[in-house]
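The values are calculated or read from the model by the stated rules, or taken from the named source; none is laboratory data. Just so we're clear, the structure is a prediction, and the values are computed from it rather than from any experiment. All Cβ positions, glycine included, derive from the backbone under ideal geometry; neighbour counts span all protein chains shown.
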Amino acid sequence: DGSVALEGVTKRYGSETVVAGISLAIPAGEFFTLLGPSGSGKTTTLSMLAGFVMADEGRVLMGGRDMTRVPPRGRGLGMVFQNYAIFPHLTVAENVAFPLSVKGTSKSEIAARVAEALAMVKLTGFETRYQRQLSGGQQQRVALARAIVAHPRVVLMDEPLGALDKNLRYHMQVEIKDIQRRLGMTVIYVTHDQEEALTMSDRIAIMERGRIAQMGPPREVYEKPQSSFVASFLGEANLLRVRRDGPAVRGPGGSVLVAAEGGLSAAEGLAFVRPEKVRVESGRAEPAPNRLTGKVLHASFLGNIVRYEIDAGDGATLLCDAANAAGVEPHRPGDIVTMIWRPEDSRF
Ligand code: ADP
Ligand code: MG
């Protein structure tokens with residue numbers, strides 16, 4: 001089947017450990033994303049799955065079989081990479097046919113499979129064109145068609161949309177998702193773009209210096225980050241200094257803060273809340289838990305939202321995003337406001 005697993009996989013270059021004992025299990029048909037900053041070990045991990053790089057320690061399993069020492073050809077994977085290297089001297093049809101031609105598939109079957117793959121990426125009619133006659137997005141589709149033409153159960157993709165502009169990127173994200181669902185393929189996808197990871201994935205592994213910092217469904221890793229690294233990497237995050245004061249936890253201006261999960265275990269720590277979870281009301285806060293008084297420093301109009309930067313005292317500045325909804329008057333710089341959020345939207 002299309003299940004994939006890594007067991008304690010490690011890769012070192014000289015004295016540098018670039019992948020440090022990663023373990024993960026991906027069920028067949030899952031869209032799984034490795035997300036992380038540049039240099040965190042995403043490509044190296046994917047290369048060990050592909051067989052281009054040999055692990056120093058650990059095992060690579062596919063469909064339950066040990067593939068650790070199997071060369072790339074024997075793994076039966078589809079692959080798409082960022083520099084979508086389609087062969088310039090071959091036509092679109094010849095490019096897509098390539099994985100089948102090298103396997104010695106019959107001419108009639110190749111023709112049928114190529115037609116099917118091109119239809120899937122909406123490039124029917126482009127068969128005889130060459131690379132120089134294609135836009136970036138069309139070249140990317142050819143690379144995608146070539147990756148799926150042999151009906152692999154598992155497809156690896158390393159920043160495949162990195163070279164495309166925003167609109168085309170979004171369009172291709174939808175297209176890749178759609179093809180993955182229709183074919184029931186396992187996709188292991190690499191990106192450094194958090195929005196792309198959140199929209200496309202069933203599960204995300206956030207990588208930090210060769211390790212998995214956290215792994216889970218998009219909403220879970222976004223709303224319940226287990227570290228400030230994950231919180232900040234997945235979007236804007238308010239991280240406020242808090243300290244224990246008897247049974248209470250106090251934040252800026254002596255405010256009492258409450259979090260539904262992850263109670264403060266040390267004397268000091270950080271409270272996490274996303275900007276869109278903070279409600280901003282006019283005027284000073286009545287003394288109550290999770291109510292902070294602050295002064296608006298900036299109000300930035302971003303189209304669908306207004307982003308406030310609010311001074312909450314004690315050197316703490318909060319970002320608060322308010323929907324630019326009908327009938328909502330924005331707060332202005334200098335206004336005194338109250339910030340409120342629900343305990344369940346916050347963690348220590
Ligand atoms: P990412 O894809 O997340 O940007 P990579 O897996 O490409 O990260 O690289 C992780 C680290 O390993 C980086 O510090 C990189 O410089 C190093 N690295 C990758 N490939 C090699 C190599 N062939 N030789 C030496 N160092 C490498
Ligand atoms: Mg990379």
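Quick rundown of the values:
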{"quantity": "Residue tally, condition under 26 Å from Ser232 (Cβ atoms) and either modelled with pLDDT under 95 or outside any strand (DSSP E or B) (or both), over the range 331-345", "calculated": "7"}
{"quantity": "Residue pairs meeting the criteria (Cβ under 7 Å; at least 6 apart or on separate chains; first more than 19 Å from Ile26 (Cα to Cα) and not assigned by TED's automatic domain parsing to the domain that holds Gln140, in the range 152-172; second at pLDDT 90 or above and within 13 Å of ligand 2 (Cβ to nearest atom))", "calculated": "none"}
{"quantity": "Of the criteria (1) closer than 20 Å to Pro217 by Cα; (2) surrounded by fewer than 20 Cβ atoms within 10 Å (Cβ to Cβ); (3) within 16 Å of ligand 2 (Cβ to nearest atom), which one Ala25 fails", "calculated": "(3)"}
{"quantity": "Top-ranked residue of the range 64-105 - restricted to ones that are farther than 21 Å from Glu159 by Cα and hydroxyl-bearing (Ser, Thr, Tyr), ranked as nearest to ligand 1 (Cβ to nearest atom)", "calculated": "Thr68"}
{"quantity": "Residue check for Glu220: under 30 Å from Leu77 (Cα atoms) and not aromatic (Phe, Trp, Tyr)", "calculated": "yes"}
{"quantity": "Filtered residue count, the range 324-348, keeping only those that are of a type in the set (A, V, I, L, M, F, W, C) and without any contact (Cβ under 8 Å) to a residue 24 or more places away in the chain", "calculated": "3"}
{"quantity": "Residue match in the range 246-259 (condition: among the basic types (Lys, Arg) and touching a residue at least 24 places away in the same chain (Cβ under 8 Å))", "calculated": "no"}
{"quantity": "Selection status of Ala231, buried (at least 16 other Cβ atoms within 10 Å of the Cβ), part of a helix (DSSP H, G or I), within 15 Å of ligand 2 (Cβ to nearest atom) and among the aliphatic types (A, V, I, L, M)", "calculated": "no"}
{"quantity": "Helices (runs of 4 or more DSSP H) within the range 127-213 that include 2 or more residues within 16 Å of ligand 2 (Cβ to nearest atom) and not aliphatic (A, V, I, L, M)", "calculated": "194-200"}
{"quantity": "Filter pass, Glu16 being modelled with pLDDT of 95 or more, within 16 Å of ligand 2 (Cβ to nearest atom), among the acidic types (Asp, Glu) and surrounded by fewer than 16 Cβ atoms within 10 Å (Cβ to Cβ)", "calculated": "yes"}
{"quantity": "Residue satisfying all of: in the range 30-87; β-branched (Val, Ile, Thr) and within 27 Å of Arg219 (Cβ to Cβ); nearest to ligand 2 (Cβ to nearest atom) among these", "calculated": "Thr43"}
{"quantity": "Filtered residue count, the range 186-195, keeping only those that are more than 14 Å from ligand 1 (Cβ to nearest atom) and crowded, with 21+ Cβ neighbours inside 10 Å", "calculated": "2"}
{"quantity": "Residue count, the range 12-55 (criterion: near ligand 1 (Cβ under 8 Å from one of its atoms) and within 22 Å of Gly74 (Cβ to Cβ))", "calculated": "7"}
{"quantity": "Enumeration of residues in the range 1-13 that are assigned to a strand (DSSP E or B) and either without any contact (Cβ under 8 Å) to a residue 40 or more places away in the chain or more than 15 Å from ligand 2 (Cβ to nearest atom) (or both)", "calculated": "Val4, Ala5, Leu6, Glu7, Gly8, Val9, Thr10, Arg12, Tyr13"}
{"quantity": "Output for the range 287-316, where each listed residue is over 19 Å from Leu239 (Cα atoms) and outside any strand (DSSP E or B)", "calculated": "Pro287, Ala288, Leu302, Gly303, Asn304"}
{"quantity": "Residue under evaluation Ser106, criteria (1) closer than 20 Å to Leu77 by Cβ; (2) away from ligand 2 (no atom under 16 Å from the Cβ), criterion not met", "calculated": "(1)"}
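Listed here are the residues, each with its yes/no results for (1) closer than 25 Å to Glu220 by Cβ; (2) touching a helix residue (DSSP H, G or I) at 6+ places or on another chain (Cβ under 8 Å).
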| position | (1), (2) |
| --- | --- |
| Val296 | no, no |
| Gly303 | no, no |
| Ala312 | no, yes |
| Asn324 | no, no |
| Pro330 | no, no |
| Thr338 | no, no |
| Glu344 | yes, no |
